[in-house]
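Before any comments, here is the structure.
The values are calculated or read from the model by the stated rules, or taken from the named source; none is laboratory data. Being a predicted model, the structure only gives us computed values, none of them experimental. Reconstructed Cβ throughout: ideal geometry from the backbone, glycine too, with neighbour counts over all protein chains shown. Accessible surface areas use protein heavy atoms only, side chains included; no ligands, DNA or RNA. Shrake-Rupley method; radii C 1.70, N 1.55, O 1.52, S 1.80 Å.
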Amino acid sequence: MQTATFFAPPLATKQPPADPVRASVRHLLSRAYSLPCSTAAQAFTQLVQPTSRFQYALDVLMPLLETQVEIAQRILVSYLLYSLYAPHPIAINPFKSVLYATFVKERNLATNVANSGGVSENEQLVWVLWKILKGDGNDIGPFSPSTLARSPLPPKLRAAYLALEEEVPASERLTKFDPFGDGDSNDTNDTDMTRIDESSADITVVAEPVKTVLEETETTELDQETEKLSEAMTLLLAARHRVLTLSEQRVLIPMVPRLTSPPIITSVDLPSLIANNPTLAHPLLVALLTQSAWSGGQGPVPYLEVLKRLPPTLPSFDVLGRLLRDPTTLTDVTTGGRTTVADLVRMEILGWFVHESIRWLEKAEEEEREGVISDDRFAQGVQNLCRFYNSLIKLSIVDPASDADSAEMAHFTLLNSRFEEANALYRVLAMGKF
């Protein structure tokens, strides 16, 4: 008699409940590229409870740092790992070893690409890790990961030039000779800086270690130069969003030529930079307009287009006024000959700028009538534009007798002659024509 065998169906595997916090963190990491790093870090701390942050950093952040995802995402993860312990020195950050290992690995990869004549896409990540490991992670906070990822680095801030103090092996550090024998007895070997000839009291200096001292001095100078350039780059990126102090401008302005070849900012960044820091914008624009190697073969055109459409505000008039008096020579993009910044701006920018300023003011007047705006931007704009144009006449930059120069402005001042500055300028223009 055969017995039937019954097989019980397999028990359904119990799925662990979904972790909404983990899902929120992953969503943040995939969407926060355009936010300042500090804002993303604040969002992370709001999503995750303090007691769980370390574990989430281990489970979610670290795997992204060590995998080949987008550079912007790896930059964001690097900053988040730093920011969790930002109030404390980087030396006691529990993630320092991971950040350091990633720095060394990515720097070696970027250096190999550079040795082959290329530019690695991870150069910006190496720079960010270098800043964090040096203890300057707070400098990264105001910038978004996408901005950092797409900002070209000056040659001296490329991966091959970036090093950290802890990378210097102990055997290569400078050893000082103690003539009184109070130092470590192990220091008296072939690498000592000096040796004593037993037959005399003279101290003979060994040539080889002297070379080491010179090399270390050169290395120290190079590190200091790299530090200054890195600080200047950070300040230039910050200048788009805030007014720099006078001391910060003194640090940055001498470095402007090195930060514009290649440019680490684009024409899109110029309007906000001009509005916040017109004094800095002048040497920056001169450097951008006069550099010899134009990316993409566009020449100065993108920067000229920005200048044409600046709003009629005091920073705009300040920058244009400085450029219209700047004698720096450059190559004429039309003829290939030599010209000056002043002549280029006079021929290519001034007429367009006045035209666009008038359009901007007409729109402001219309919005004022409709109640869209309640400030005095229209009245202030008319007064400032008229004062600016009047100063151009006094400097002989524009000719009031020339219809090509002043016809549009004469019409504008006549329409707005209720303002004292417009009325005075109209009389000057009318007298120049007769």
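Annotations
- Screening Ser78 against (1) within 20 Å of Thr234 (Cα to Cα); (2) outside any helix (DSSP H, G or I); (3) among the small types (Gly, Ala, Ser) leaves a single unmet condition, (2).
- Among the residues of the stretch 232-250, those identified as in a helix (DSSP H, G or I) and open to solvent by 70 Å² or more (accessible area, probe 1.4 Å) are Leu246, Arg250.
- Remark: Pro36 falls outside the filter, which requires a residue to be surrounded by fewer than 17 Cβ atoms within 10 Å (Cβ to Cβ) and not basic (Lys, Arg).
- Top-ranked residue of the stretch 385-408 - restricted to ones that are touching a Pro at 6+ places or on another chain (Cβ under 6 Å) and of a type outside the set (Ser, Thr, Tyr), ranked as farthest from Asp343 (Cα to Cα): Leu385
- On the stretch given as the stretch 362-407, residues that are assigned to a loop (DSSP other than H, G, I, E, B) and within 15 Å of Phe419 (Cα to Cα) total 1.
- The stretch 131-154: number of residues that are under 17 Å from Leu29 (Cα atoms), open to solvent by 10 Å² or more (accessible area, probe 1.4 Å) and among the hydrophobic types (A, V, I, L, M, F, W, C): 1
- Residue check for Arg377: open to solvent by 50 Å² or more (accessible area, probe 1.4 Å), of a type outside the set (Ser, Thr, Tyr) and closer than 24 Å to Leu324 by Cα: no
- Selection over the stretch 106-158 of residues that are of a type in the set (D, E, K, R), over 16 Å from Thr226 (Cβ atoms) and more than 12 Å from the chain's Cα centre (by Cα) gives a count of 2.
- Residue check, Leu65 open to solvent by less than 30 Å² (accessible area, probe 1.4 Å), touching a Phe, Trp or Tyr at 6+ places or on another chain (Cβ under 7 Å) and farther than 17 Å from Met233 by Cβ: no
- Condition met for Tyr56 (open to solvent by less than 50 Å² (accessible area, probe 1.4 Å), out of contact with any Ser or Thr (no Cβ under 9 Å at 6 or more places or on another chain) and aromatic (Phe, Trp, Tyr)): yes
- Which numbered condition Pro327 fails, given (1) buried (at least 16 other Cβ atoms within 10 Å of the Cβ); (2) farther than 23 Å from Ala424 by Cα; (3) not acidic (Asp, Glu): (1)
- Hits in the stretch 48-73 (condition: in contact with a Leu (Cβ under 7 Å, 6 or more places away or on another chain) and among the small types (Gly, Ala, Ser)): Ala57
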